[in-house]
Amino acid sequence: MKIEIIQRGKRSAEKNMKFDSDLLSKLEAYQTLILHLYDWERESITYGHFIQPEKWLNLDEIQKRNIEIAKRPTGGGIVFHACDLAFSVFVPRNHPAFSLNTLENYAFVNNRVIEVVKRFLGQEALCLLPQEPLAHNVASKHFCMAKPTKYDVMLEGKKVAGAAQRRTRAGFCHQGSIFLSFLDEESQKNLLHPDSNIREAIVANTFPLLGAQVSRKAMIAGREKLQNLLIEIFQEWEN
């Protein structure tokens, strides 16, 4: 079987999420694994289907800064896409990698992500988190990079990549995020509710692959390298 790669260029967060939702609804027509690599028209935030963003984010500041915010068709927490690489993997029900066991589906995709990060860093000591830890605080449960969950990709006890999935009768969609750097302190302070205490949890629980603060040029180069590695690893598996 051959993998299908989808790179649509820059799109709004709303259009990227709608594309994934529509593709999942039509997945029964496919037989191949699909890798969707995102690009964003402007700085964006996405949040899980069950999150109420107004409880945790300063929506006035987000609007003031022209940041787009959109709901994902999957679950999971809030993700700031200024400092990550976002991607989706679609696996049809008739594909050999599909399982009725959700954790097996997470393991399938995130084991490929482990190989991507190994090649990116030249670092071998990565693993899937075997057990879910307690949240740093209440708000942490609502931010992807603030709380590791079972089968997340880990390095040195910290989260490198997280994801959320949605499974239907036709297959599943895995929306992933590989963490590259931190939002600057001022942005986090302004974009979050003052009482969320979330920055401390993000710093404590995440491993930024490019370092705590990086230039825009380095971020673009890092995303491009990770995208190429994702394509390479999934093509190797399919072949």
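In this structure, Asn105 does satisfy being of a type in the set (S, T, N, Q), in contact with a strand residue (DSSP E or B) (Cβ under 9 Å, 6 or more places away or on another chain), closer than 27 Å to Arg223 by Cα and surrounded by 19 or more Cβ atoms within 10 Å (Cβ to Cβ). Scanning region 1-29 for residues that are in a helix (DSSP H, G or I), within 18 Å of the chain's Cα centre (by Cα) and not basic (Lys, Arg) yields Ala13, Glu14, Asn16, Met17, Phe19, Asp20, Ser21, Leu23, Leu24.
Being of a type in the set (Phe, Trp, Tyr), closer than 23 Å to Leu23 by Cβ and in contact with a strand residue (DSSP E or B) (Cβ under 6 Å, 6 or more places away or on another chain) is a property that Phe179 lacks. The single residue among Lys141, Lys150, Lys159 that is in a strand (DSSP E or B), farther than 22 Å from Lys26 by Cβ, in contact (Cβ under 8 Å) with a residue 40 or more places away in the chain and basic (Lys, Arg) turns out to be Lys159. Comparison of Gln123, Gln131 shows that the only residue that is touching a residue at least 24 places away in the same chain (Cβ under 8 Å), assigned to a loop (DSSP other than H, G, I, E, B) and surrounded by fewer than 18 Cβ atoms within 10 Å (Cβ to Cβ) is Gln123. Residues in region 209-231 that are free of Cβ contacts under 8 Å to residues at least 12 places away in the same chain and either loosely packed, with under 14 Cβ neighbours inside 10 Å or over 15 Å from Ala82 (Cβ atoms) (or both): Ser215, Arg216, Lys217, Ile220, Ala221, Glu224, Asn228.
Considered as a group, the residues in region 88-118 that are outside any helix (DSSP H, G or I) and of a type in the set (A, V, I, L, M, F, W, C) include one that is nearest to Leu155 (Cα to Cα), and that residue is Val89. For region 108-117, a residue qualifies if it is surrounded by fewer than 19 Cβ atoms within 10 Å (Cβ to Cβ) and in contact (Cβ under 8 Å) with a residue 40 or more places away in the chain, and exactly one does: Glu115.
Considered as a group, the residues in region 11-30 that are closer than 14 Å to Cys173 by Cα and of a type in the set (S, T, N, Q) include one that is surrounded by the most Cβ atoms within 10 Å (Cβ to Cβ), and that residue is Asn16.
Per this entry, Ile51 is counted among residues that are over 28 Å from Ile5 (Cα atoms), touching a helix residue (DSSP H, G or I) at 6+ places or on another chain (Cβ under 9 Å) and not in a helix (DSSP H, G or I). Reported count of residues in region 50-85, each being among the charged types (D, E, K, R) and surrounded by 22 or more Cβ atoms within 10 Å (Cβ to Cβ), is 2.
Answer with yes or no whether Phe179 is crowded, with 24+ Cβ neighbours inside 10 Å and within 15 Å of Val79 (Cβ to Cβ). Yes; evaluated as a whole, the condition is true for this residue.
Among the numbered conditions (1) closer than 28 Å to Val203 by Cβ; (2) touching an Asp or Glu at 6+ places or on another chain (Cβ under 8 Å); (3) surrounded by fewer than 18 Cβ atoms within 10 Å (Cβ to Cβ), the only one that Ser44 does not meet is (3). Pick from Thr74, Thr32: which is over 26 Å from Val160 (Cβ atoms), part of a loop (DSSP other than H, G, I, E, B), touching a residue at least 24 places away in the same chain (Cβ under 8 Å) and β-branched (Val, Ile, Thr)? Criteria check complete, one pass: Thr32.
Bear in mind these aren't lab numbers, they're just calculated from the coordinates by the rules spelled out. From a predicted model like this one, the values you see are computed outputs, not experimental measurements. When we count neighbours, we look across all protein chains shown, and the Cβ atoms used for this are built from the backbone with ideal geometry, even at glycine.
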